[in-house]
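Asker: One structure, as structure tokens, below. Some questions next.
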Amino acid sequence: MSAFFVPEPRLEEVHNRTPFAEFQCDKMGVGRRFFDTVVVKGTFLLAPGSLTLAPEQEGPALNDEVWDAQVAERSSLRRAGDVVLFKPRTDVLVTGTARVDAPRAEWDVRVAVTRGDRALVDRRFHVTGPRRWVRRDGEWSLAAPEPVSEVPLRYELAYGGAYPDPEDASAPWTVYR
């Protein structure tokens, strides 16, 4: 049986010339090869027509953080871990809430990041207020969405997502369809 050898880091010093938080470590990859890993993370505020540096910067997340730790296997991520060996591109993670001025049952939402006339990221989706499956005359149907002025952007609330039903303990999860 051979002893496990952990090599000294090759990067002796990292000069971060950005205003963003950094984290440097060694990570073991395939074949027990060690790699120097450097993560630089910036946090921005997104508003219609503007992208600004957030006054409070989040440092790199060393591991995934879920919204609901009690049922982590069914919870979406609050923060994705940043310390990975390879990211072929920059991650754009949108965390927040879709809001309208007056309560509505549903509306369209768009998140776009552009450089000049070119869209770097452009995603559109449709949000609704809470809906429930109801049974009438032996048939199940989806009730109309309730009017709301905000909807959290979370997988559990998306088409195909699931959440625990606080009103019915015998049905542990309500699934959006």
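Asker: Suppose all protein chains stay in the model; what accessible area per residue would a 1.4 Å probe give for the stretch 77-121, in Å²? List each step's numbers first, then the result.
Answerer: Details: 3540 Å² over 45 residues.
Here the per-residue accessible area is 79 Å².
Asker: Quick one: if you stick a label point 7 Å off each Cα along the C-beta vector at Trp140 and Leu11, how many nm between them?
Answerer: It is 5.0 nm.
Asker: Please report the carbon-and-sulfur percent of the accessible area for the stretch 17-104; probe 1.4 Å, protein heavy atoms only, DNA, RNA and ligands left out. Display every interim value, and only then the final one.
Answerer: Working: 3440 of 6600 Å².
Answer for the stretch 17-104 is 52 percent, counting heavy atoms of protein chains only.
Asker: Determine how large the accessible area of Ser75 is when every protein chain is in place; take a 1.4 Å probe and give Å² rounded to the nearest 10.
Answerer: It works out to around 20 Å².
Asker: Something else about it: Rg/Rh for the stretch 5-130: what does it come to with C-alpha atoms and Rh from Kirkwood? Could you put the intermediate results ahead of the total?
Answerer: Working: Rg = 18.7 Å, Rh = 18.0 Å.
Computed over Cα atoms, the ratio is 1.04.
Asker: Enter the Cα centre distance for the pair the stretch 6-52 and the stretch 94-109, rounded to the nearest angstrom.
Answerer: 34 Å
Asker: What accessible surface, in Å², does a 1.4 Å probe find on Phe44, ignoring ligands, DNA and RNA and rounding to the nearest 10?
Answerer: Counting only protein heavy atoms, Phe44 exposes about 100 Å² to solvent.
Asker: A follow-up question, please. Take Phe86, project a point 7 Å from its Cα along the Cβ direction, then tell me which residues of the stretch 9-31 have their backbone nitrogen under 11 Å from it.
Answerer: Residues 30 fall inside that zone.
The values are calculated or read from the model by the stated rules, or taken from the named source; none is laboratory data. Please read all numbers here as calculations on a predicted model, not as lab measurements. Neighbour counts are summed over all protein chains in view; Cβ atoms, including those assigned to glycine, are modelled from backbone coordinates with ideal geometry. Protein only, heavy atoms only, side chains kept; ligands, DNA and RNA dropped before computing areas. Shrake-Rupley method; radii C 1.70, N 1.55, O 1.52, S 1.80 Å.
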